[in-house]
1. Step by step: find N for chain B, compute 2.2 N^0.38 Å, then divide the Cα radius of gyration by it. What's the final number?
2. Every other copy gets compared here: list the nm distances from the residue B:274 label point (7 Å along Cα to Cβ) to its counterparts, shortest first, one decimal.
3. Cα atoms only: what Rg and Dmax, in Å, come out for the range B:122-218?
4. What FRET efficiency comes out for residue B:339 versus residue A:186 if R0 is 56 angstrom and r is the Cβ-Cβ distance? Round to the nearest 0.05.
5. Is it possible to state the helix-based mean residue ellipticity at 222 nm for the protein assembly as shown, with each DSSP H run of 4+ residues giving -39500 (n - 2.57), the sum divided by total residues, to the nearest 500 deg cm²/dmol? What is it?
6. Measuring from label point to label point, each 7 Å out along Cα→Cβ, what is the residue B:2 to residue B:250 span in nm?
7. I need the Debye-formula profile for the protein assembly as shown: one equal scatterer per C-alpha, no solvent, reported as log10 I(q)/I(0) at q = 0.06, 0.11 1/Å, two decimals.
8. Nearest 10 degrees, 0 to 90: what angle lies between the long axis of helix B:250-267 and the longest principal axis of chain B (Cα atoms)?
């Protein structure tokens, strides 16, 4: 007994019941998204460390699991910085790898390209209930589509999927990064502070308007400008009032209206313009959105347009929109709701003792399996009664 | 353009056509193995470094991707050994993690437990055609079953799966680690050299009998004993002749005979006793086997009994047998054979121009998807003819 039987810190073992639910949800998800023309792709779990630390992952970049160089490349006698020791890291999301993938393979892919990615990502976060250091993400992305067909199709696909899991009462909050930029422009906030200003605004629902104000004062912004900025998000704001007050570009407003209007009709959801919606990642360039459902206190998915990310890999302007549902959150909610995975296959357990004619039992079992049954053959134990009870709990009929 | 668009060394991007084949094979595999009562489980990609370097992984332990410690635990000023820098590593197989999983969760699992694992593993191997540093493994294991029901069910399950992919002409080579041990015993090879002797014997098909002899001489073994040992594998050996020559335990022989006999009848395969079969891993304790198929020059799966591994985690003797098909090999063979994934869904592409009534098209598309069609909506491009051709190549009907 020299080994450690618990999983590595912040990670977890998934039991058969966990996996059954996850597989059910994933199959529904794949079927639904495929019906929207999305096709699966996959990228390596490890990415070049350069790609992971290029300031596109926001705070996630602080949480990278870094992988030690190997062989002669690892020189522990000449280290000035821990980063001298590493050449790759575990991906912290699926978006950065997807843009690398697209840049690397675009000549082999349809244009526009509808990508479905299902894969694990890793973040060395502090221990927290319901948060894991390895978790699954399911991302939908449309690359190479400049029109809002991309946003509308993504929202429709995700809501169609969620409805199949009996989620109800959808609220889609929507904003456009260019609106936030337009407001900061009209207030003359210094360009170099804008990324940080948005990070502070993003904390609104956690620390309230006074909290945000304090953080903005810490950025040494003019107090009048801060008040003007925060007033913008106070009270009953509409897309129209915003547009008038801040003299925003008409095409941005009409684009957003069309997305909202069409998505509302297609998905029968509540679509709300929310100018305080920021979303953390630095790479968003246009419409951004988040989905909430009835009786759940947090958003269960979100996404947005990131038209400039592929260009970091190749000289080919590539519009792109992505949407990710929180797969771990979804399955957690379902399991807390006592969701039962539908199952209709008959399950049979053959118990055989050491001296029985095994061959005949094996043959019967093979025939049962061919006729769509689930069959286990088990060595009959001394405590037969207990054994039978346990098998019946699993849903097996004893033969 | 500051980013690197190629995958990290030795790893690969999987395109939609790759993923389509992989998904098809995985779905068949899951369905088949589930019909044998196996249930999916999953373990973290990262394992405690202690568990990975405990001499159960054979040469694979040299190939571990090690993960840098984080935060205060990483002290680059006091390193005497690169291992001071790491606390975990990417798993190099699924067997070590499974035994940890079983030790950690056995009270929540049926006994015996039939586990199906599908997951990536990582090995920093030298670049070689068809070998990747991240690849998928599909492992079947039965834990807690001491009888040969385990071996027979595993062999049956794997052959049933392979038949569904139209593989033919199966040859199952089979041996028992205790037979090899018995031979080495009768020859009086020193106990401490036996692990290494088996590693050399395992090279027989690569370096021939003279090559193995040379390696064994390097181990400073008595030359007469070496000749006696190697003679054992020369010529027409049968389980019976072996048993007589080396006075092997009758229960080991009859157990192996029953496995061979029953598997032959159940799977209609060629079952061959092969005393030179070793299989690399140090943890095997009983029957071991490998599967070959017609027209393929390497084995496409293998496994064996490892009754002592779980005990490295907990004081609970736990018999165990595992079987793994080479998923990457399988999909490579299928794609070289031009295997086409069956598909019967109608695919429709709606091309719409910027000024069209989008909403109506979106609504039609939603209805099509409800009636089991695959539908993409695409912005009509200036070069419409080329766009239509490309969509038709993908199998879409243009509307």
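Values in this text are rule-based calculations from the coordinates and carry no lab data. Worth saying up front: this structure is predicted, and the values here are computed from it rather than measured. Cβ: placed from backbone, ideal geometry, glycine included. Neighbour counts: every protein chain shown.
1. On the way: Rg = 26.0 Å, N = 399, 2.2 N^0.38 = 21.4 Å.
Relative to the rule-of-thumb radius for its length, chain B sits at 1.22.
2. Relative to the other copies, residue B:274 has label-point distances of 6.0 nm.
3. Cα-based Rg and Dmax for the range B:122-218 come out at 18.1, 47 Å.
4. Values: r = 60 Å, r/R0 = 1.07.
Once the sixth-power term is evaluated, E becomes 0.40.
5. On the way: 26 runs with 304 residues, N = 798.
Calculated at 222 nm, the ellipticity per residue is -11500 deg cm²/dmol.
6. 7.7 nm
7. Treating every Cα as an identical point scatterer, log10 I(q)/I(0) equals -0.45, -1.32.
8. 30 degrees
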